Structure formats: structure tokens, C-alpha cells
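Below is one structure; the comments refer to it alone.
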Amino acid sequence: MLGFLITIHAIVSLLLITVVLMQASQGGGLAGSIGGQTTNAIFGGRGAATALSKMTTYLAITFMGLALLISLIGSPDASGGNSVIEQAQEERTLAPASEGLDLPTAPIKDIDNN
């Protein structure tokens, strides 16, 4: 399920990028260079800009919704998903047992021989 949602999210993101690039900016954008006459014939003079703006809005809402859904589904449960460090602390495997460990000591100098 999560893989399917991520795939749909990737497709929506590519569509969103494409639609944003096709919109005419102040400099003309890609909308005028790719299919300028075709888009004018299909949508009309301002129809292309309006349709692309609506598509951008719908794709952006879909993108954000899918991002939230993926984060909710993909996150581990708060009750069952402990971190590895917490599990190791519960099992006491982070630090070795202090029993039977001999700590090194510094050698004692004889002060009288100086």
C-alpha cells in the first residue's frame, strides 16, 4: 500500500512540474513555445491559462494530501515501535556489565628515589 502511494505521489509530482512549466509567465513560458497555436485553438485565448491554473491547484492539493497520507501510514506506531536504542537499553546491551571488569590504574611512582 505504501509503495503504491509513493508511486502515485511521484507521478503527481511529475505532472505538477510539467503543468507549472507549461504556464505562461511574464516572459512567455513554455506554453507559448510548445503548442502556442494549439492551446489557443483548444482552450481559447485565456482558457489555457485558466485550465492550467486549475490543474496546478488540483495537483498541488493532491500532492500535499498524498504527502500527509504517506507520512501518517509510513510512520511507526507510538506504542509498538520503539527505537533501537530504547530496545537496547531495555535489554541492557548498550554497555557491558561492570561486574568482573578490572579498570587500569596508573603506576605509582616512588617519591623517595628522586
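Observations
- Counted residues, the range 9-46 - those being part of a helix (DSSP H, G or I) and modelled with pLDDT of 60 or more: 14
- Test: residue in the range 74-81 that is in contact with a Leu (Cβ under 9 Å, 6 or more places away or on another chain) and at pLDDT 70 or above: yes
- Condition met for Ser53 (surrounded by 14 or more Cβ atoms within 10 Å (Cβ to Cβ), hydroxyl-bearing (Ser, Thr, Tyr) and modelled with pLDDT of 85 or more): no
- Where Arg92 falls short, out of the listed (1) on the phi < 0 side of the Ramachandran plot; (2) modelled with pLDDT under 70: (1)
The values are calculated or read from the model by the stated rules, or taken from the named source; none is laboratory data. What you see is a predicted model, and the numbers here were worked out from it, not measured in a lab. Counting neighbours? That spans all protein chains shown, and the Cβs are built from the backbone with ideal geometry, glycine included.
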